[in-house]
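Okay, structure first, notes after.
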Amino acid sequence: TSEGSPASTSTGRTGRRPAGQPGRQDWSSWPHYDGAAAGFRGYWYPVTWSSHITGKPLPFTICGEKITLIRDGGKAYALHNRCPHRGVPLSEGDQQFPGTVSCPYHGWTFDLPTGKLCAVITDGPGCRLTGKVEVKTYAVEERLGMVWVYIPVAGEDPHPIDEQLPEELVSHGFVMGGRIEPRGGNWRFACENGFDEGHAKYLHRTALWRLFKPMPTWNITRIVPRGRWIFRVQDEVHWEAEFPGVGRWSNKRWWKLQPPKETFNLGNTGKADKVDPAIEAQEFPGFASLAMPGVLRIAYPKFIHYEFYVPVDADNHLYVGVMVNFTEGWETLRFYAKYLGAIRWLFHGQFSGQDAWMVDVTDAPPEKLYRPDISLTAWRNLSEEEYAKKLAAAGAPPAPSTGSTGSAGSANAKKG
Ligand code: FES
């Protein structure tokens, strides 16, 4: 599952590609993944903070679908953000009647739960279109202080959201701090970057976060599957080596104290730090894990950091970074102070900003992978398998094996 063996490239009898070959030209080995430039359908995606959704409709784009979110009677609703009359965004409108939204142009008014046209203000009560025209609605839930929308596979009923959230967020109480930020670049680059083995030790070498939390580095990494997650397990927390004929390179911290390596092997080789019971109960076999539809989990002994990479369209995504602490009572104050005083700036700010920068400038395929990229190919394999299962369960046809780079190409269209 590491580099090589693309369907379209001959690798010879040994299975090894001769040195100097260009590498992977496209993502045709992963047809579903290749086709998911605008995201995988059939999943719940966080869209915005719950507190941002009021009686004034707001526009969003998720998986290429234009959506408007509005709150009524305490409940959030999502409708396709296009009036069927003349195509004006409903998010430009307002509420003339409880439980509805009215288009700003001619006052076509839609029932929020069903999306049905329930009044046409400028044609009077006798309008014959009433009840016969509708806009698409989306399932909406609120979790982690955010509004989530389900983007269905055609004809499919939404899955219960709790089945798609990380288990520990459903089974335990917690407090959290987070950041939602629109970012440039395809969601798959964001996802691959989050789980990318090599970037932690190089891209983030200058992040101040490193002064407090050392980055795990690549050293015969294992990828461990666990249910719908894959875990990255590695054994070193610093990197120092002599490169023959080039020189010495060190990413060691400047002071002597190195944290025990067990800190990063939660549930694996033992725990030097006291681990929070909610985290310990999950028996994570590694520090970093990733699941469909693009959820990264970084498990520290006392808190977990999640990144949800939400597809907006082929060229943009939403970064949703959430730091969760499973304590209650006075301990929550300590966490909030730590989050607002440091983590928000060091991690969700500078550290994460380095990721945002790389995701925006990455341009692949073509690509030439190296050993640590087993993290990328393992993720692509996982998403490919999981999505094939999902389509089969929904009775939808599988993605065609076209061998095309079209979707990846469109992801990079703005750069071309
Ligand atoms: Fe919406 Fe006319 S465009 S009412």
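The values are calculated or read from the model by the stated rules, or taken from the named source; none is laboratory data. Small disclaimer: the values here were computed from a predicted structure and weren't measured. Reconstructed Cβ throughout: ideal geometry from the backbone, glycine too, with neighbour counts over all protein chains shown. When the accessible area is computed, the model is the full protein with side chains, heavy atoms only, and any ligands, DNA or RNA have been set aside. Shrake-Rupley method; radii C 1.70, N 1.55, O 1.52, S 1.80 Å.
So which residues in the range 144-164 are buried (at least 16 other Cβ atoms within 10 Å of the Cβ) and under 25 Å from Leu333 (Cα atoms)?
Leu144, Met146, Val147
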- How about the range 123-143: which of its residues are within 32 Å of the chain's Cα centre (by Cα), away from the ligand (no atom under 11 Å from the Cβ) and not in a strand (DSSP E or B)? Lys136, Ala139
- Message: Cβ-Cβ distance below 6 Å, separation of 6 or more or different chains: which pairs start in the range 372-397 with a residue that is hydroxyl-bearing (Ser, Thr, Tyr) and end on one that is open to solvent by less than 30 Å² (accessible area, probe 1.4 Å) and part of a helix (DSSP H, G or I)?
- Response: Ser375/Phe195; Ser383/Tyr33; Tyr387/His32
- Query: How about the range 97-122: which of its residues are more than 10 Å from the ligand (Cβ to nearest atom) and over 36 Å from the mean Cα position of the chain (by Cα)?
  - Reply: Phe97, Cys118, Ala119
- Query: All but one of (1) open to solvent by 40 Å² or more (accessible area, probe 1.4 Å); (2) closer than 28 Å to Ala38 by Cβ hold for Ile121; which doesn't?
  - Reply: (2)
- Note on the structure: Among helices (runs of 4 or more DSSP H) entirely within the range 324-416, at least 1 residues that are at pLDDT below 85 and out of contact with any Lys or Arg (no Cβ under 7 Å at 6 or more places or on another chain) occur in 331-338, 374-394, 406-411
- Query: Looking at this structure, is Glu197 among the acidic types (Asp, Glu) and assigned to a helix (DSSP H, G or I)?
  - Reply: no
- When you go through (1) surrounded by 21 or more Cβ atoms within 10 Å (Cβ to Cβ); (2) more than 16 Å from the ligand (Cβ to nearest atom) one by one for Gly173, which number turns out not to apply? (1)
- For the range 51-67, enumerate the residues that are of a type in the set (Ser, Thr, Tyr) and buried (at least 17 other Cβ atoms within 10 Å of the Cβ). Thr61
- Members of the range 74-90 found to be open to solvent by less than 40 Å² (accessible area, probe 1.4 Å) and within 12 Å of the ligand (Cβ to nearest atom), listed by number: Asn81, Cys83, Gly87, Val88, Leu90
